[in-house]
Amino acid sequence: MPRLDAFDITIRTGARGRSRPPHFVINGYPLEFDTHTGSTEPGDVFEAHGDPGSFPHSLLLAGPEEGSWDIEGVTITYYPDGEESYTVELGACTLDDDADLNINHPRPAPVFDV
């Protein structure tokens, strides 16, 4: 992936939420989101913006330090340096103190009919 200037993320929480806002980890460094609205309580939606300004060799949404977090779905819009933005949709998963979510996804290949 080229240098990632910023990304927006929307997280839809399922039955088990978490009380504190999540953070992301880029190349092993934990960072707080620059802005966020909503919550990760059960059934809520959390929207956030991150400005890593780095080449992401790894990019993770960190799981909670205690308990489990059910995620119904995640939408991520990436803003790579010098390129058009693109959006990736991820399905349901459960995170915990031993499971993070990989949110480092390259631009999907173009699709066309032949």
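I need every pair where a residue in region 101-114 that is over 10 Å from Pro56 (Cα atoms) and in contact (Cβ under 8 Å) with a residue 12 or more places away in the chain has its Cβ under 8 Å from the Cβ of a residue that is in a loop (DSSP other than H, G, I, E, B) and among the small types (Gly, Ala, Ser), sequence separation at least 6 or different chains.
Leu101/Gly63; Asn102/Ser58
Using the structure shown, decide if Asp98 is acidic (Asp, Glu), loosely packed, with under 13 Cβ neighbours inside 10 Å and either more than 21 Å from Ala6 (Cβ to Cβ) or modelled with pLDDT under 95 (or both).
Yes; evaluated as a whole, the condition is true for this residue.
Residue by residue, here is whether (1) over 15 Å from Ile71 (Cβ atoms); (2) in contact with a Lys or Arg (Cβ under 8 Å, 6 or more places away or on another chain) holds:
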{"position": "Asp5", "(1), (2)": "yes, no"}
{"position": "Thr10", "(1), (2)": "no, no"}
{"position": "Ala15", "(1), (2)": "no, no"}
{"position": "Gly28", "(1), (2)": "yes, no"}
{"position": "Leu31", "(1), (2)": "yes, no"}
{"position": "His36", "(1), (2)": "yes, no"}
{"position": "Pro42", "(1), (2)": "no, yes"}
{"position": "Ala48", "(1), (2)": "no, no"}
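What pairs can you find where one residue is in region 87-100 and over 12 Å from Leu61 (Cα atoms), the other is of a type in the set (D, E, K, R) and surrounded by 11 or more Cβ atoms within 10 Å (Cβ to Cβ), and their Cβ atoms are less than 6 Å apart, with a gap of 6+ or different chains?
So the pair list comes out as Ala92/Glu72.
Hey, among Ala15, Ala62, which residue is hydrophobic (A, V, I, L, M, F, W, C), over 20 Å from Tyr79 (Cα atoms) and exposed (fewer than 15 other Cβ atoms within 10 Å of the Cβ)?
Ala15
Just checking, how many residues over region 1-43 are without any contact (Cβ under 8 Å) to a residue 60 or more places away in the chain, in a loop (DSSP other than H, G, I, E, B) and either among the aliphatic types (A, V, I, L, M) or over 25 Å from Ala109 (Cα atoms) (or both)?
So the count comes out to 17.
So which residues in region 51-102 are out of contact with any Phe, Trp or Tyr (no Cβ under 7 Å at 6 or more places or on another chain), of a type in the set (Val, Ile, Thr) and closer than 13 Å to Asp8 by Cβ?
Val74, Thr75, Thr87, Val88 - these are the residues of region 51-102 that are out of contact with any Phe, Trp or Tyr (no Cβ under 7 Å at 6 or more places or on another chain), of a type in the set (Val, Ile, Thr) and closer than 13 Å to Asp8 by Cβ.
Output the number of residues of region 6-52 satisfying the condition of being touching a strand residue (DSSP E or B) at 6+ places or on another chain (Cβ under 6 Å) and at positive phi.
1
The values are calculated or read from the model by the stated rules, or taken from the named source; none is laboratory data. Just so we're clear, the structure is a prediction, and the values are computed from it rather than from any experiment. Note that we place each Cβ from the backbone using ideal geometry, even for glycine, and neighbour counts take in every protein chain shown.
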